[in-house]
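Here's the structure we're looking at; comments come further down.
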Amino acid sequence: MQRQQGSVESSGPKYSNGSTATPNASGFGTRNNPTVDTVGSPGPKVPTVHGAGSPAKPPKLLDRLRETLRRRHYSIHTEEAYANWCRRFILFHNKRHPAEMGEAEIRDFLTHLAVDGRVAASTQNQALNAIVFLYAQVLERELGSFGIIERAKRPDRLPVVLTRDEVKQILTALDGVPQLIGELLYGGGLRVMEAMRLRVKDVSGSFPRRG
């Protein structure tokens, strides 16, 4: 069979599907496929990587509570106590968010502590302070009146005061460092932790040495 006049045989390499590569103006071969523009065709899709660019999740409520307490330089003991009371408050109301609750739910929880839990008055006050702090400083919401709350009863305790002779007997029974700490507690009115943390640099003045 003779070739038709005017036809030009492609001299480029053939692909597996029968198409050929013809040289373009730049001298590089392009695939002979009129339906595909190889110059502007996109390459293989690159999977989107989620991570650093994705928006961070907002911190949880109790984490926000802890962060606020630390910014205000509360002690770690107060932080743990407040977080525990707020967690118990949420669980008492079947994990409802505090933003959806108010004075009535707080009153029910505090009454539950006094009636069913039989907690001490100081414990109930600590729970109240923790919840009020959560609403005022974290949720930034002012609370109104709680109405009538069943208050925990304070026990009638009479302070135990030792006589001078009893104190003298106790200090005489001590020896060494415990005796020194006992004398500081009694004579200086220091608390236990204040006496334990006392250092020489904290004491001013001249004192006679013991023989």
field: Subset of segment 68-78 (residues that are under 13 Å from the mean Cα position of the chain (by Cα) and either within 15 Å of A127 (Cβ to Cβ) or hydrophobic (A, V, I, L, M, F, W, C) (or both))
entry: L69, I76
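Being within 44 Å of the chain's Cα centre (by Cα) and in a helix (DSSP H, G or I) is the filter here, so list the residues in segment 155-188 that pass it.
Listed by number, the residues that qualify are V177, P178, Q179, L180, I181, G182, E183, L184, L185, Y186, G187, G188.
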message: Being assigned to a helix (DSSP H, G or I), of a type in the set (S, T, N, Q) and loosely packed, with under 15 Cβ neighbours inside 10 Å is the filter here; which residues of segment 85-133 pass it?
response: S122, N125, N129
message: If S145 satisfies all but one of (1) in a helix (DSSP H, G or I); (2) among the hydroxyl-bearing types (S, T, Y); (3) not assigned by TED's automatic domain parsing to the domain that holds Y82, what's the number of the condition it fails?
response: (1)
message: Name the residue that is surrounded by the most Cβ atoms within 10 Å (Cβ to Cβ), counting only residues in segment 134-151 that are in contact (Cβ under 8 Å) with a residue 12 or more places away in the chain and closer than 18 Å to L62 by Cα.
response: L134
message: Checking I170 against (1) in contact with a helix residue (DSSP H, G or I) (Cβ under 9 Å, 6 or more places away or on another chain); (2) surrounded by 14 or more Cβ atoms within 10 Å (Cβ to Cβ); (3) of a type in the set (A, V, I, L, M), only one condition comes out false. Which one?
response: (2)
message: If K201 meets every condition in (1) part of a helix (DSSP H, G or I); (2) modelled with pLDDT of 90 or more; (3) exposed (fewer than 10 other Cβ atoms within 10 Å of the Cβ) apart from one, which number is that one?
response: (2)
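Every residue, every condition in (1) free of Cβ contacts under 8 Å to residues at least 40 places away in the same chain; (2) farther than 30 Å from G117 by Cα; (3) among the β-branched types (V, I, T), yes or no:
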position: P159; (1), (2), (3): yes, no, no
position: R164; (1), (2), (3): yes, yes, no
position: K168; (1), (2), (3): yes, yes, no
position: Q179; (1), (2), (3): yes, yes, no
position: L185; (1), (2), (3): yes, yes, no
position: G189; (1), (2), (3): yes, yes, no
position: V192; (1), (2), (3): yes, yes, yes
position: L198; (1), (2), (3): yes, yes, no
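The values are calculated or read from the model by the stated rules, or taken from the named source; none is laboratory data. Note that the coordinates shown come from a computational prediction; the quantities given were computed from them, not determined experimentally. When we count neighbours, we look across all protein chains shown, and the Cβ atoms used for this are built from the backbone with ideal geometry, even at glycine.
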